[in-house]
1. Could you list, in sequence order, all residues of segment 70-90 that are over 10 Å from the mean Cα position of the chain (by Cα) and touching a residue at least 40 places away in the same chain (Cβ under 8 Å)?
2. Search segment 35-75 for residues being in contact with a Ser or Thr (Cβ under 9 Å, 6 or more places away or on another chain) and under 21 Å from residue 16 (Cβ atoms), and hand back the single one that is modelled with the lowest pLDDT.
Amino acid sequence: MLGEGALDEVIIPFCRENKLVWVTKDWSAGVADVLVTQLRSEGVSVWWLREESKKQMQRPELLWVAARDIDTASFQFDTAQKPIYIVSSVGRRAREIRLPFSSRRSTPPLPRVPRPRSGPTRVIPGGTKLFQDL
């Protein structure tokens with residue numbers, strides 16, 4: 001089995017032999033010519049969990065992105081012609097990409113959760129007051 005610190009050149013054939021999808025946050029595998037050539041020749045599908053900015057995602061963000069997009073990614077891997085390349089991030093849901101990936105595709109951002117309103121509540125004229133003491 002592969003251990004911690006295994007090289008990409010070893011992981012890719014291992015995934016092919018065991019019919020696995022490579023899930024990684026190592027973005028260089030999607031842009032480095034040597035690795036892109038190896039991914040294509042081996043026919044290995046990849047799912048990148050990518051950070052939004054230059055800052056690396058921590059475990060909670062990685063787990064959140066993976067949990068949010070696992071159904072979408074799994075469906076794409078099961079139904080698409082092999083190999084398939086998918087990228088997910090905190091701000092963007094799973095989507096298919098082509099390799100080598102050199103530019104960002106513009107996709108609509110995820111809707112933000114509305115913040116709770118702060119301050120005093122508004123009194124509606126003619127409305128029923130539920131708590132007379134307040």
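1. Of everything in segment 70-90, those that are over 10 Å from the mean Cα position of the chain (by Cα) and touching a residue at least 40 places away in the same chain (Cβ under 8 Å) turn out to be 77, 83, 85.
2. 35
The values are calculated or read from the model by the stated rules, or taken from the named source; none is laboratory data. Every value quoted in this text rests on a predicted model; they were computed, and no experiment measured them. No Cβ is skipped: glycine too gets one built from the backbone with ideal geometry, and neighbour counts run over all protein chains shown.
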